[in-house]
Every structure is written in structure tokens, then in C-alpha cells.
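The values are calculated or read from the model by the stated rules, or taken from the named source; none is laboratory data. Not measured: the values here are computed from a predicted model. Note that we place each Cβ from the backbone using ideal geometry, even for glycine, and neighbour counts take in every protein chain shown. The area values use the complete protein model at the heavy-atom level, side chains included, leaving out ligands, DNA and RNA. Shrake-Rupley method; radii C 1.70, N 1.55, O 1.52, S 1.80 Å.
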Amino acid sequence: EISSQLDFVLEAIPTLGNFSSLVTSSESTLQAVCGFTDSTELSKAADVANGQLCEIVEVLNSIRLFFQCENWFPLYETTVYDAICYNGTDGFAWVASTQFVIVLCSCIILTIRAAFYDVEIAKGE
């Protein structure tokens, strides 16, 4: 999207430059046809517009370069790689060790319970 707008503006710059040079070169014709007494203001306006279009091209090009994959992919890769390879395995280790401790404590509690309380065996009638 930005590259198509950039191409459009790049195509408009020479056209506006040609317009500015045309206004400067045909000053007497413009004065006769349009009734201008001084066509330098029109030429200055065309030069200013041409300069602004050049600045717009630079801004759009900077935006395009900023959003390229080579700027963002290292950040994404580092974040995802760290999350999966380091933080993910550390989290899995904590979950696994916590579950192991819970199972071990449950076994100890059941063993102690069986040792303290007598088991009653029901006699059949």
C-alpha cells in the first residue's frame, strides 16, 4: 500500500517540476492570457509544492523502511524463541516438580493415615 503511494508521489514530482519550469519560461504568455502582473508567485507555489512532495516521498520511504520485516523479525524471533525455549521449559519444569511434590505428599499422607487408624474389616453375617 505504501509503495504504491510512494510510486504515485514519485511520478508527480517531475510533473510538478515541469510545471514550475513551464510557468517560469512562459511568463509573458501567462500574463497575457490570465492577466497576471507577476507570475513569480505561481512559480514559487509550484516550487514549494514540489519541495513538499519530495519531503512526503522521504517520509513515506522512511515509514516503508521502518515497517519492513528485517526490522521487526529479530524482535519477534527473540521474543518467541525466548518464550518457547527458555521460559516455556522453565515453566514446564516448575509444573512438573510441583506435581511431583503433590503426589509425593499425597502418598505420605495416605501412608500415615493408614498407620494411625485401624482398618476395620466387616464380618459377614
Conditions (1) without any contact (Cβ under 8 Å) to a residue 60 or more places away in the chain; (2) surrounded by 10 or more Cβ atoms within 10 Å (Cβ to Cβ); number of the one not met by residue 11:
(2)
Tell me, which residue of the stretch 21-73 that is part of a loop (DSSP other than H, G, I, E, B) and in contact (Cβ under 8 Å) with a residue 12 or more places away in the chain is surrounded by the most Cβ atoms within 10 Å (Cβ to Cβ)?
39
Filter the stretch 46-87 down to the residues that are of a type in the set (Gly, Ala, Ser) and more than 15 Å from the chain's Cα centre (by Cα) and list them by number.
46, 49, 51, 83
Residue check for residue 114: small (Gly, Ala, Ser), over 43 Å from the mean Cα position of the chain (by Cα) and part of a loop (DSSP other than H, G, I, E, B):
no
In the stretch 88-111, the residues that are more than 49 Å from the chain's Cα centre (by Cα) and open to solvent by less than 70 Å² (accessible area, probe 1.4 Å):
106
